[in-house]
1. Hey, what does the equivalent ellipsoid look like for the chain, semi-axes from the Cα gyration tensor as sqrt of 5 times each eigenvalue, largest first, whole Å?
2. Return the loop-located GluC sites (Glu not before Pro) in region 1-80 (DSSP other than H, G, I, E, B) with at most 12 other Cβ atoms within 10 Å of their own Cβ; answer none if there are none.
3. Could you compute the FRET efficiency for Gln13 and Ser60, with r as their C-beta to C-beta distance and R0 at 25 Å, rounded to 0.05?
4. Excluding ligands and nucleic acids, what accessible area in Å² is computed for Val61 using a 1.4 Å probe, to the nearest 10?
5. Quick one: pull the percent of accessible area on region 1-104 belonging to carbon and sulfur, 1.4 Å probe, ligands and nucleic acids left out.
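The values are calculated or read from the model by the stated rules, or taken from the named source; none is laboratory data. These numbers were taken from a predicted model, which means no experiment stands behind them. Because the Cβ atoms are built from the backbone with ideal geometry, glycine has one as well, and the counts that use them run over all protein chains shown. Ligands, DNA and RNA are stripped out before the accessible areas are found, and what is left, the full protein with its side chains, is counted by its heavy atoms. Shrake-Rupley method; radii C 1.70, N 1.55, O 1.52, S 1.80 Å.
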Amino acid sequence: QVQLVESGGGSVQPGGSLRLSCTYTSTTYCMGWFRQAPGQEREGVAALNTNGGSTYYDTSVAGRFTISRDTAKNTLYLQMNNLKLSDTGEYYCAAGRRRGCSTYEKWFEFWGQGTQVTVSS
């Protein structure tokens with residue numbers, strides 16, 4: 001079982017920045033970030049294919065968010081810039097061992113506990 005632990009959430013004003021971190025116990029084929037706003041379904045934000053480094057972003061965050069990882073530290077990051085009110089939600093780190101990768105939830109099987117991000121003015 002792969003374990004993941006998120007950190008770095010908090011409250012920020014519109015236009016601000018946050019960096020989320022996710023430590024994991026072992027590397028998987030695909031790693032990503034998801035979020036869920038109150039009353040909404042969970043949606044894929046960004047994904048990273050560790051077998052080559054390809055990245056994928058939801059259109060709502062493209063150009064503002066960056067997914068990356070530090071292989072030496074077994075840590076996945078989500079740099080969030082120019083945050084908007086609509087970015088508010090619970091953010092989850094996820095990992096999958098299947099040979100496919102995108103922001104679609106079907107590729108993921110392991111999940112972190114979540115960290116809250118609140119953007120408010």
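1. Values: eigenvalues 98, 39, 36 Å².
Value: 22, 14, 13 Å, ordered largest first.
2. Numbers: sites: Glu6, Glu41, Glu43; in loops: Glu41.
Those that pass, being in a loop and sparsely packed, are Glu41.
3. Details: r = 19 Å, r/R0 = 0.76.
Efficiency computed from Cβ-Cβ geometry: 0.85.
4. We get 0 Å² for Val61.
5. Details: 2190 of 5180 Å².
Percent of accessible area from carbon and sulfur atoms in region 1-104: 42.
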